[in-house]
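Values quoted throughout were computed directly from the atomic coordinates according to the rules given, and no laboratory measurement underlies them. As the structure is a prediction and not an experimental result, all values here were calculated from the model. Don't worry about glycine lacking a Cβ; one is built from the backbone with ideal geometry, like all the others, and counts go over all protein chains shown.
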Amino acid sequence: MLDHKDIAAKSLAIRQQLEAKLGVKSRDLSQALRRAGRRLPRRVRAYGTVLADAEKLAGNPKLARQIDGGAVGDAYVHLTTHLRTIDVADARKGRILGIIGLIAFNLLLVIVAFIIWLWWRGYV
């Protein structure tokens, strides 16, 4: 039987991993999952909602009996394994390369438009 302290500890661990890997700061797990948004796959977000719902139910002793300990344990394991596989440096490199590619494409587009304009005006 999981008690409030166990679920709160698991929730805190997941929130700390979300902050370390995705830069998501929040006051509770459900808010952290909302802020992470599409950076987490749908399946992983579903596991997160299982853990967030368990956190809400654990606050009330009568409702805490409804918590499925196996589902909470599985959700915690899946969340931690997914967050552990996220490479922060690789994600940063991907973002930087995406921005550089976008700038290069826009610059190329402006140069081509300028050359077409010069040709249309008869300067080329």
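Okay, here's what the table says:
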item: Among Gly59, Gly23, Gly98, residue whose mean-square fluctuation peaks in a GNM of the chain (springs only between Cα atoms under 10 Å); result: Gly98
item: Nearest-ten-degree value, helix 88-121 long axis tilted from longest Cα axis of the chain; result: 30 degrees
item: Label-point separation, Thr80 to Trp119 (7 Å along Cα→Cβ), nm; result: 6.2 nm
item: Of Lys5/Lys93; Lys25/Lys93; Lys21/Lys56; Lys5/Lys62; Lys5/Lys25, pairs whose Cα-Cα distance is over 27 Å; result: Lys5/Lys93
item: Label selected from [x] 23.3, 83; [y] 15.7, 52; [z] 13.2, 42, the criterion being Rg and Dmax of the Cα atoms in Å as computed here; result: [x]
item: Trypsin sites (Lys or Arg not before Pro) restricted to DSSP loop in the stretch 4-47 with at most 15 other C-beta within 10 Å; result: Lys25, Arg27
item: Chymotrypsin sites (Phe, Trp or Tyr not before Pro) within the stretch 21-124: DSSP coil, no more than 12 neighbouring Cβ in 10 Å; result: Tyr123
item: Relative contact order, percent, the chain [alpha-carbon distance under 8 Å, six or more residues apart]; result: 25 percent
item: Gain upon complete extension [Phe105, Val88; 0.36 nm per residue less C-alpha separation]; result: 3.5 nm
